[in-house]
Amino acid sequence: EVNCETDLVAKNAGFRAFVNDCTRHIAAAQPIYGSREEVPAATIESERTIYVAQVKGKPENVTARIVEGKLDKFYSTFCLLEQGFIKNPDQTIKELDAFQIAEIGENNVIRRFHRYSVVNTRSHEAIGEKSAADSSWRRAGHAPTATPHARPRTQQPPRQNAPTTSSG
């Protein structure tokens, strides 16, 4: 959801292109959070303890800078506004948004996003993962049925060739 101040901006082709680019970026880069502020404190602490353990044995002043650098990398991987834009990785989504605001002359805000993913169940079953439908059927006490791609094919009777006539 990208909000702008007026309906006139929402109908602008440049604004629509910006929203389209953002949705494509979300689909490709798979961010989890919108901004740094949306990351839960427990997640940040968990990541920080992992990073501190990774740099164990280094001097304190170096350790603090390394941990902060690793946290910045975490943010740039999982936060939408911190990620490099897929069309131009040197530019973040936050910078792209600021450029869009300067170009149009009105404020717009990326409020939230939801990313949906379609999973190929055949590939997951091939590596041993169970589908949600199979698990729910088992919990309900039903016997599992054959998956669609594992069903035996029905035998088709051999085709009868049409009689041919020869002129002679």
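Throughout, read-outs are computed from the coordinates displayed, never taken from laboratory work. No experiment lies behind these values; they were computed from the predicted model shown. Glycine gets a Cβ as well: all are built from the backbone with ideal geometry, and neighbour counts include every protein chain shown.
Here are the numbers:
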item: Low-density loop cleavage sites - GluC sites (Glu not before Pro) in the stretch 69-113, where at most 11 other Cβ are within 10 Å (DSSP); result: none
item: Anchor LYS56: lysines whose Cα lies under 16 Å away (excluding residues fewer than 8 positions away in-chain); result: LYS70
item: Cleavage-rule hits, trypsin sites (Lys or Arg not before Pro), the stretch 44-79, DSSP coil, Cβ neighbours within 10 Å at most 13; result: LYS56
item: Net charge of neighbours whose Cβ lies under 12 Å from the Cβ of ALA28, counting Lys and Arg as +1 and Asp and Glu as -1; result: +2
item: Linear extension gain, GLU60 paired with ILE32, 0.36 nm per residue minus alpha-carbon span; result: 7.0 nm
item: Potential lengthening between ARG24 and THR6 on full extension [0.36 nm per residue; Cα-Cα distance subtracted]; result: 4.1 nm
item: Inter-label distance, nm, simple model (7 Å from Cα along the C-beta direction), ILE101/LYS73; result: 3.0
item: Interchain or long-range residues, amide H under 5 Å from GLY84's placed H; result: none
item: Trypsin sites (Lys or Arg not before Pro) restricted to DSSP loop in the stretch 79-112 with at most 13 other C-beta within 10 Å; result: LYS87, ARG111, ARG112
